Structure formats: structure tokens, C-alpha cells
Amino acid sequence: MTLLRTDRIAKHFGGVHAVDQVSLTVEAGEFAALIGPNGAGKSTLFALIAGQLRADAGRVEFAGEDITGSEPVRHARRGIGRTFQTAAAFASMTVLQNAQLALAAHARRHVDPWRPLSRMHAEAARALLARVGLEAQGQRAATDLAYADVKRLELAIALAGAPRLLLMDEPTAGMAAGERMALMDLVTAVAAESGLTVLFTEHSMDVVFGYARRLLVMSRGELIADGAPDEVRALPAVQAAYFGEQ
């Protein structure tokens, strides 16, 4: 089943064609990487898919529905989750409270300032933290977490809405090699357990070739390759546009 489809999607910033007529599909259950050099348009494409940016042309379809131009909150409620290059959480809250707030938001519940947050979705929040290995750190302030654990908390927040598609923008940026592999092992396990579809951008080739089962390559706003990792890696156009710059 095709879960995500973009049809000639485009976004221009002045004379810069950040995303230029990109058409792609992602099938349900895939674990794929979108790669390319800096400035290729990967993050812009993610923002178009997730609704943070409005396309200048083209269409985005999710589960057969045209979602072009919808607000980000509606994308999230349809089943699109996202993490960002720089992980962030509510630093003034505990790890558990961050998870509770994410669950409340996806349940469309208004947070009553007169009602303690501790009473809202507490059990579900603890279960959510357990999925990402943070159950023992629930009462810690988010600001006290190591960066690798902030990444895990961001993943938990993204999972709060039970997404069908998870967009991860450079999920291992700023992490040591062992931390990168541990996070991607976790994401792989979560995806296998829940049938989650994952599309991620990444510059670390050990992560890309260690985890992605399909590669999509962008250069200068265009999609220039799509296929199995070993096949894509050998293409002259990919070598020239991406690997030759390493």
C-alpha cells in the first residue's frame, strides 16, 4: 500500500528552487533514507510533507488523501509524526510531564492550569517512556538529560500520536557512533513492533547503509535516484552529487 505520495511538489525561495518538481512514493512499512549534500532540499521536502511549509506547486497525498496545504496539526492527526535536526523538549518540565503533555495534545485535551498535569495520561506516559528506554528517568527535568536521551524523549513525543509515518530529520546529528547505533536500533525495533513507516534524512553513512532498506537521493532540489542502497551507491550521478563531496 502506498502511504505517502508527492506529485511534482515544489517550493521556491526567491530564485532558489529548494524543492523542484519532486515526485516520490513511500510504501507502508518501509524504512527508507532521504540523502543528499547540504542544501539539497531534504529538510524543505520534509516540511512540505508535514505541513510546516506550503507548496508553490504539486500535491502531497497521505493514505490516498490529498493533504496539500493542510495545517501541521491536521497532518499529525492523520498520522504523520516528525522529529527535527535539533532535538528539543520543554526544559522546565520533567521527562514524564513532556510525555503527558504530548499525549494530551494528541487527545485534543485542553490543559487546565488548575488541574495538576500529573493526573493526565500518567499511565500511558510511563508506558510511552518505557518504549524508548526512559522509564527510569521520568522524574528528571528534561534539561538535565544527556543529549542522546533528549533524542529518545523527542522520539517518545513523536510517538505519542501513534503515527503511521515518522519523518526523522537527521536523527543522529551530534551523537557519538555508539549513541547513533543505539538510537537507530531503537527506532528499528519500534517500527517493527508497530508497523511504523520511517523516512529519515542523515549524513552519517554508517547509519544510512546500516539501517535504510531504500535510498532516495536529492541534489539541488531534485530527486536524482531511488532504489536499493547498493544500487544507488554505485550510480555515477549519486557519486558526483553526494559521495564525491565527502
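The values are calculated or read from the model by the stated rules, or taken from the named source; none is laboratory data. Keep in mind the model is a prediction, meaning the values are calculated, not measured. Glycine also receives a Cβ, built like all others from the backbone with ideal geometry; neighbour counts cover every protein chain displayed.
Those helices (runs of 4 or more DSSP H) of the stretch 151-246 in which 2 or more residues are under 19 Å from the mean Cα position of the chain (by Cα) occupy 177-194, 205-211.
Looking at the structure I just gave you, is Ala130 closer than 24 Å to Arg180 by Cα and modelled with pLDDT under 90? No: the conditions fail for Ala130. Only residues that are of a type in the set (S, T, N, Q) and part of a helix (DSSP H, G or I) were counted across the stretch 120-150, and they come to 2. Of the listed requirements (1) over 18 Å from the mean Cα position of the chain (by Cα); (2) over 21 Å from Lys11 (Cβ atoms); (3) in a loop (DSSP other than H, G, I, E, B), Ala104 misses just one: (3).
For the stretch 37-87, a tally of residues being out of contact with any strand residue (DSSP E or B) (no Cβ under 9 Å at 6 or more places or on another chain), under 21 Å from Gln21 (Cα atoms) and not in a loop (DSSP other than H, G, I, E, B) returns 1.
Kindly indicate whether any position in the stretch 48-61 is surrounded by fewer than 22 Cβ atoms within 10 Å (Cβ to Cβ) and basic (Lys, Arg). Yes, there is a match, as at least one residue in the stretch 48-61 is surrounded by fewer than 22 Cβ atoms within 10 Å (Cβ to Cβ) and basic (Lys, Arg).
Would it be correct to say that Ile9 is over 25 Å from Val190 (Cα atoms), buried (at least 21 other Cβ atoms within 10 Å of the Cβ) and within 19 Å of the chain's Cα centre (by Cα)? For Ile9, the condition - over 25 Å from Val190 (Cα atoms), buried (at least 21 other Cβ atoms within 10 Å of the Cβ) and within 19 Å of the chain's Cα centre (by Cα) - is met.
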